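> Let me give you the structure first, and then I'll get to my questions.
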Amino acid sequence: MITVRELHKYYGAQHLFKGINLEVQKGEVVVLIGPSGSGKSTFLRCINGLEYFQKGEIIVDGIELHSINRLTPGKKDMEAIRNVRLKAGMVFQQFNLFPHMRVLENIIEAPVRVLGLEKNTAVENALSLLKRINLEMKVHSYPGELSGGEQQRVAIARALAMKPEAMLFDEPTSSLDPEMVGEVLSVIKGLVNEGLTTLIATHEMGFAREVADRVVIFDKGDVIETGPPDEIFANPKTERAKTFLSRILS
């Protein structure tokens, strides 16, 4: 479903990614963990075309992304990025809902404008998604009237309204109060259980262990270890992984 080959990413003179390789199979759940600033979020943003990279390739369900001149991206490059974003929905740390639009309007905006769905169909789909995340009673609320957990669940519904083949979650609970984390993780667990291809960057280690088919540990822009969650958490092989996990799990 997703293939990353020899990915290199620079920020000026800083060489963040030095040839990362990763494959994600259809229906697989891959959880990215690692210290803050290790490259997890940037990696997801590269997959979604929100960050350009200087070398390598990313393939999402057959659509190829290559290095792009960020000052003069070509028409084919921008078309590929648009198509990848239709394939892979993304949910961010911040909710990024339109504050002047009600919940229903936030969810139907992209399906109507981008996919060209009839408004009635988009509304029907949106109401179904709101019921699925237990927020049907908030259909006419504005984002400012919702809790952080409710806003994040609406952001997930908005991404799902585009009917993506995969979902990318960039630390979706990091901006939430502790008591709101569970309700968002519960929604993500439901998606995982339905077999949706999923990449999740998170600091929630218990959640990672529960839902992941595979855990990938990032550190300083490198993938330092990857494997099944039981193996990674119980018996990490590299010293860098052991140091990170001993610190975070304690």
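The values are calculated or read from the model by the stated rules, or taken from the named source; none is laboratory data. This one's a predicted model, so the numbers in the text were calculated from it and none came from an experiment. When we count neighbours, we look across all protein chains shown, and the Cβ atoms used for this are built from the backbone with ideal geometry, even at glycine.
> Please work out which residue is modelled with the lowest pLDDT, limiting yourself to the stretch 95-110 and to residues that are under 22 Å from residue 165 (Cα atoms) and of a type outside the set (A, V, I, L, M, F, W, C).
96
> Go over the candidates 139, 215 one by one and state the one that is of a type outside the set (Gly, Ala, Ser), surrounded by fewer than 18 Cβ atoms within 10 Å (Cβ to Cβ) and in contact (Cβ under 8 Å) with a residue 24 or more places away in the chain.
Working: 215 fails: surrounded by fewer than 18 Cβ atoms within 10 Å (Cβ to Cβ).
When all the criteria are applied, what remains is 139.
> Only strands (runs of 3 or more DSSP E) wholly contained in the stretch 159-250 count here; list those with 1 or more residues that are among the aliphatic types (A, V, I, L, M) and over 30 Å from residue 110 (Cα atoms). Outline the logic, then answer.
On the way: elements: 166-170, 197-201, 214-219, 222-227.
Qualifying strands (runs of 3 or more DSSP E): 214-219, 222-227.
> Looking at the stretch 8-30, can you tell me whether even one residue there is over 19 Å from residue 84 (Cα atoms), among the small types (Gly, Ala, Ser) and surrounded by 21 or more Cβ atoms within 10 Å (Cβ to Cβ)?
no
> Please specify each residue of the stretch 31-69 satisfying the condition of being part of a strand (DSSP E or B) and either surrounded by fewer than 21 Cβ atoms within 10 Å (Cβ to Cβ) or at positive phi (or both).
Residues of the stretch 31-69 part of a strand (DSSP E or B): 31-33, 55-60, 63-66.
55, 56, 57, 59, 63, 64, 66, listed by residue number.
> State which residue is nearest to residue 157 (Cα to Cα) when the search covers only the stretch 111-128 and only residues that are under 21 Å from the mean Cα position of the chain (by Cα) and at pLDDT 95 or above.
First pass over the stretch 111-128, keeping only residues under 21 Å from the mean Cα position of the chain (by Cα): 111, 114-115, 126.
From what is left, the residues that are at pLDDT 95 or above are 111, 126.
Values: 111: 12, 126: 8 Å.
It comes out as 126.
> Give the residues of the stretch 218-250 that are among the charged types (D, E, K, R) and either surrounded by fewer than 16 Cβ atoms within 10 Å (Cβ to Cβ) or free of Cβ contacts under 8 Å to residues at least 60 places away in the same chain (or both), sorted by residue number.
In the first step, residues of the stretch 218-250 are kept if they are among the charged types (D, E, K, R); the result is 219-220, 222, 225, 230-231, 237, 239-240, 242, 247.
Listed by number, the residues that qualify are 220, 225, 230, 231, 237, 239, 240, 242, 247.
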